1. What chymotrypsin sites (Phe, Trp or Tyr not before Pro) in the stretch 85-128 are in a loop by DSSP, with at most 16 other Cβ atoms within 10 Å of the Cβ?
2. At 7 Å along Cα-to-Cβ for each site, give me the label-to-label distance between ARG131 and ASN37 in nm.
3. Restricting things to alpha carbons, find the Rg to Rh ratio for the chain using the Kirkwood radius for Rh.
4. For the stretch 265-272, just list the computed ³J(HN,Hα) in residue order, Karplus coefficients 6.51, -1.76 and 1.60, θ = phi - 60°, integers in Hz, with x standing in for Gly and Pro.
5. In whole Å, what are the Cα extents of the stretch 70-165 along the three principal axes, biggest one first?
6. Tell me the trypsin sites (Lys or Arg not before Pro) within the stretch 152-260 that lie in a loop according to DSSP and have at most 11 other beta-carbon atoms within 10 Å.
7. Fully extended, how many nm does the chain gain between ASN194 and GLU141 (0.36 nm per residue separation, minus their Cα-Cα distance)?
8. What three numbers, in Å, describe the spread of the alpha carbons of the stretch 197-250 along their principal axes, ordered from the longest?
Amino acid sequence: MKKFRMNRLFSKSGNCLDVAIDHGLFNEAAFLSSIENMEQAILTIVDAQPDAIQLTIGQAEILQRIPGKEKPALVLRTDAANVFNPKLHDYLFSYVVEDAVEQALVLDAACVVVNLLRLPDQPELHGQCVRNIAQLKPVCERYGMPLMVEPLVMQANEKKGGYMVDGDIDKILPLVRQACELGADIIKADPCDNISEYHRVIEIAGRPVLPRGGGRAPEMEILQRTYDLMKQGANGIVYGRNIIQHENPPLMTHALMEIVHNNATPDQAMKILAGN
């Protein structure tokens, strides 16, 4: 059954564009820009026809009540964490919702996703994440549910405050490998500082890798990064704010789909954004 669900996520060529709209789960006001009205946001992305949409248990029903069989597959977020606020909390947590996989089955999800967080000097938080994955994995196996793990290396909060990814490949590689050893079927990992080294992440994972988008960036930077990551062997991308906060989310989705599925160059994708 796991393979059946994976087939709903990935094209025949093995690639996937997953649009993440699960940011409201993390209790950070800055993440809510452009998703204040979730129904409108979801319907906008559905119309653009990416391969998948990443949602929470509380919002997935908006996607799944849409009639017809052409809508994107559901990737269900299973955990909430408090690590994304401008000021780091005294107590950090990553909590997986009860009966997450069973709820995913009821919601007809094609995959569940969970974090594997690494923050400086926060081993207890990392341990919580390891435990979360270890508890989800056997239930995923029992029901044939693919498990996507998100190894996220973050910089010290005091450097800038709030969400700040660490692109050090020497930190990314062991965390990605740990996610695989814990049983991840799909890896959702950050790009490294030097994109030309990303093939090392692909190699050490040994399973489909979907790089994350992170915070907002200029259009050409996103398109070039996506193209370069695909050339390094990525199986697609998971972008959220760089799509949903774009002035034209459908066009950005179409441009990225052309890169992911049809090997379009960044210049060709920019023409799509220009309406050509």
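The values are calculated or read from the model by the stated rules, or taken from the named source; none is laboratory data. Computed from a predicted structure; not experimentally measured. Ideal geometry is used to build each Cβ from the backbone, glycine not excepted, and the neighbour counts take in all protein chains shown. Please note that ligands, DNA and RNA were not included when accessible areas were found on the heavy atoms of the full protein model with its side chains. Shrake-Rupley method; radii C 1.70, N 1.55, O 1.52, S 1.80 Å.
1. On the way: sites: TYR91, PHE93, TYR95; in loops: TYR91, PHE93.
The qualifying sites are TYR91, PHE93.
2. Taking the simple label geometry, ARG131 and ASN37 are separated by 4.2 nm.
3. Working: Rg = 17.3 Å, Rh = 18.6 Å.
Value, to two decimals: 0.93.
4. Result, rounded to whole Hz: 7, x, 5, 5, 5, 5, 5, 5.
5. Largest first, the stretch 70-165 extends 43, 30, 18 Å along its Cα principal axes.
6. Details: sites: LYS159, LYS160, LYS171, ARG177, LYS188, ARG200, ARG212, ARG216, ARG225, LYS231, ARG241; in loops: LYS160, LYS188, ARG216.
Here the trypsin sites (Lys or Arg not before Pro) that fit, given the DSSP loop and packing criteria, are LYS160.
7. Values: separation 53, 0.36 × 53 = 19.08 nm, distance 3.51 nm.
So the chain would gain 15.6 nm between ASN194 and GLU141.
8. 36, 17, 17
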